[in-house]
Amino acid sequence: MQKSVSGRVEDYLKAAYEVIEQKGYARIKDISKELGVKPSTVVEMMRKLHNRGFVVYEKYGGITLTQPGREIGETVKMRHDTFQKFLEIILVPEDVAARDAHVLEHRLDPKTICQFTRFVEFITQTTAAERPKFMGRWMEQFRKYCKKKETGA
């Protein structure tokens, strides 16, 4: 990622990336729906992103990501997914985890993001044989602790 971009730009590039991954193409209305904004707002941002070299946009045509735009969109999606998985591991409800992951994906230092990623990978991608034996017990104890706190017991 060579160019520094705002969280708003990251959101648009991530939305375009996700729509293209799902449908194979993206149009203004698709990104508008994904972000919950007016199509005119998306048109304005696509023009800006086109001028910055992140997307290829032609009026009334489809939207494609350039290599830098695709890299940013993919990176932001991976960050979001990592934070959402982490929050769900610590038993944050899925809808809250999705909202909070959106906040975290733009706010943390890259070194912190790297460690979150490593932790989530360790927890979710290692096999039972590779994972320390205490991990399953630890997660079960954490669930019990949270339940106890919720009930006030």
#### Entry: Residue under evaluation P39, criteria (1) farther than 18 Å from R79 by Cβ; (2) surrounded by 20 or more Cβ atoms within 10 Å (Cβ to Cβ), criterion not met
(2)
### Task
Mind counting the residues in the range 125-149 that are at pLDDT 80 or above and surrounded by 13 or more Cβ atoms within 10 Å (Cβ to Cβ)?
2
### Query
E105 passes all but one of (1) modelled with pLDDT of 95 or more; (2) out of contact with any Asp or Glu (no Cβ under 7 Å at 6 or more places or on another chain); (3) part of a helix (DSSP H, G or I); which number fails?
(1)
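For (1) in the same structural domain as K14 (by TED's automatic domain parsing); (2) under 16 Å from K14 (Cβ atoms); (3) in contact with a Cys (Cβ under 6 Å, 6 or more places away or on another chain); (4) in contact (Cβ under 8 Å) with a residue 60 or more places away in the chain, each residue gets a yes or a no:
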residue: H80; (1), (2), (3), (4): no, yes, no, yes
residue: P93; (1), (2), (3), (4): no, no, no, no
residue: L104; (1), (2), (3), (4): no, yes, no, no
residue: E121; (1), (2), (3), (4): no, no, no, no
residue: E130; (1), (2), (3), (4): no, no, no, no
residue: M135; (1), (2), (3), (4): no, no, no, no
residue: Y145; (1), (2), (3), (4): no, no, no, no
### Message
Could you go through the range 55-65 and let me know if any residue there is out of contact with any Ser or Thr (no Cβ under 6 Å at 6 or more places or on another chain), part of a helix (DSSP H, G or I) and among the polar types (S, T, N, Q).
### Response
no
### Message
For the condition out of contact with any His (no Cβ under 6 Å at 6 or more places or on another chain) and within 30 Å of M139 (Cα to Cα), what is the one hit in L104, L35?
### Response
L104
### Task
Go through (1) assigned to a helix (DSSP H, G or I); (2) surrounded by fewer than 17 Cβ atoms within 10 Å (Cβ to Cβ); (3) modelled with pLDDT of 95 or more one by one and return the number of the condition P68 breaks.
(2)
### Query
Given the conditions (1) of a type outside the set (S, T, Y); (2) in a helix (DSSP H, G or I); (3) surrounded by fewer than 15 Cβ atoms within 10 Å (Cβ to Cβ), which single one is not true for F83?
(3)
### Message
Can you go through E121, E94 and tell me which one is of a type in the set (D, E) and modelled with pLDDT under 90?
### Response
E121
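The values are calculated or read from the model by the stated rules, or taken from the named source; none is laboratory data. Since the structure is predicted, the reported quantities are computational estimates derived from the model, not experimental observations. When we count neighbours, we look across all protein chains shown, and the Cβ atoms used for this are built from the backbone with ideal geometry, even at glycine.
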